[in-house]
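Written below as structure tokens is the structure these notes are about.
The values are calculated or read from the model by the stated rules, or taken from the named source; none is laboratory data. Remember, predicted model here, so these are calculated numbers, not experimental data. Here the Cβ positions follow ideal geometry from the backbone for every residue, glycine too, while neighbour counts run over all protein chains shown. When the accessible area is computed, the model is the full protein with side chains, heavy atoms only, and any ligands, DNA or RNA have been set aside. Shrake-Rupley method; radii C 1.70, N 1.55, O 1.52, S 1.80 Å.
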Amino acid sequence: MTGEPKQPMGAFERLREASPTISVGVLTANLAALGSELACLEGTGVQLLHFDVMDGCFVPMMTVGPPLIRAVRAPFLIEAHLMILDPLEKIDAYVEAGADILTVHVESGQHIHRVLQKLGRMTNARDPDRGLVRGVALNPGTPLSTLEPLLDDVEMVSLLAVNPGWTGQAFIESTLPRLSKVKKMIAAQGREILLCVDGGVTRDNISRLAGTGVDLVVTGSAVFDGKAPAENARFMLERLRSRPH
Ligand code: DX5
Ligand code: ZN
């Protein structure tokens with residue numbers, strides 16, 4: 001009926017509608033001035049920020065956690081990419097800090113299916129109408145078959161195109177055929193699941209992802225390069241949405 005108030009769109013629906021889009025990694029932003037750094041991205045078409053959470057155990061580096069996620073007041077969806085060991089008891093802090101997407105690694109604990117079940121029962125602390133998007137991530141060396149028992153309990157699959165732990169690494173070529181195989185697995189599942197690729201995506205190679213069916217591309221150092229984040233973000237979005245070569 002016209003005139004009906006538009007239902008607020010959940011996080012998943014917003015990302016599906018924006019697909020294909022970029023998810024901007026914030027680690028290479030000037031974290032001492034994160035508010036103004038993120039303000040540069042407003043109006044560029046960016047919908048999603050990507051916080052790389054590293055615990056120094058699952059990956060050698062340690063980075064940020066719930067306090068920084070809680071501090072963000074920008075009008076973007078927030079993904080917490082949890083590169084942490086045994087996330088089962090730790091995810092609550094990231095949900096409470098206001099993450100909209102929580103991405104856990106299949107390699108990070110014995111009970112990943114249980115983590116996803118638990119997330120499926122939780123509420124978005126920032127805005128209950130948004131819902132929570134459950135992401136599952138695979139390192140480049142992890143067989144895609146590990147996804148099979150999880151596809152009923154995720155809203156997003158993320159393939160790492162680098163071995164996790166650092167920004168600015170080179171894109172691992174074998175990711176491209178893996179993306180098309182996961183695309184087929186999702187189609188066979190018969191439910192909508194977003195496909196994401198994370199790591200090593202730059203101005204020079206993002207066009208290779210156009211037309212692959214990927215919904216989200218995480219890109220950090222190609223946007224926050226210390227010079228022109230807004231122009232970089234617009235460039236990356238335009239190339240991702242360009243006609244495939
Ligand atoms: C790697 C992270 C990626 C990485 C992306 O461990 O999961 O999100 O920071 O950064 P760039 O785009 O610089 O590879
Ligand atoms: Zn990441």
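Worth pointing out:
- Put simply, when 69-78, 216-225 are sorted by average Cβ atoms within 10 angstrom per residue, most first, you get 216-225, 69-78.
- The translational diffusion coefficient of segment 164-226, from Stokes-Einstein at 4 °C and 1.567 mPa s with a Kirkwood hydrodynamic radius over alpha carbon pairs, comes to 102 µm²/s.
- Span from the segment 115-190 Cα centroid across to the segment 55-99 one, whole angstrom: 16
- Ordered by 1.4 Å accessible area with all protein chains kept, CYS40, CYS57 run largest first as CYS57, CYS40.
- Segment 121-154: trypsin sites (Lys or Arg not before Pro) falling in loop per DSSP and having at most 11 other Cβ within 10 Å: ARG121
- Ranked by the mean number of other Cβ atoms within 10 Å of their residues, highest first, the peptides 227-234, 156-163 fall in the order 156-163, 227-234.
- Estimated vicinal HN-Hα couplings, Hz - segment 74-84 in sequence order (Karplus 6.51, -1.76, 1.60; Gly, Pro = x): 7, x, 10, 6, 10, 10, 9, 8, 8, 9, 9
- Count of lysine pairs in the chain with Cα separation under 28 Å (8 or more residues apart, or interchain): 4
- The phi torsions of segment 181-198, fed into the Karplus equation with coefficients 6.51, -1.76 and 1.60 and a -60° offset, translate into couplings of 5, 5, 4, 5, 4, 5, 4, 6, 6, x, 9, 6, 9, 6, 10, 10, 10, 9 Hz, rounded to whole numbers, with Gly and Pro shown as x.
- By accessible area, using a 1.4 Å probe on protein heavy atoms only, segment 130-245 has 52% of its surface on carbon and sulfur.
- Residues whose amide H falls under 5 Å from that of GLY25, counting only those 5 or more places apart or on a different chain, are HIS50, THR219, GLY220, with hydrogens built in the peptide plane.
- Just so you know, the Rg over Rh for the chain is 0.93, from Cα atoms, with Rh as the Kirkwood radius.
- Computed E for ALA228/SER207 - FRET, C-beta separation, R0 25 angstrom, nearest 0.05: 0.85
- For segment 141-148, backbone phi angles converted through the Karplus equation (6.51, -1.76, 1.60; θ = phi - 60°) give residue-by-residue couplings of x, 8, x, 5, 4, 5, 6, 3 Hz, Gly and Pro being listed as x.
- The chain - accessible surface per residue (Å², probe 1.4 Å): 44
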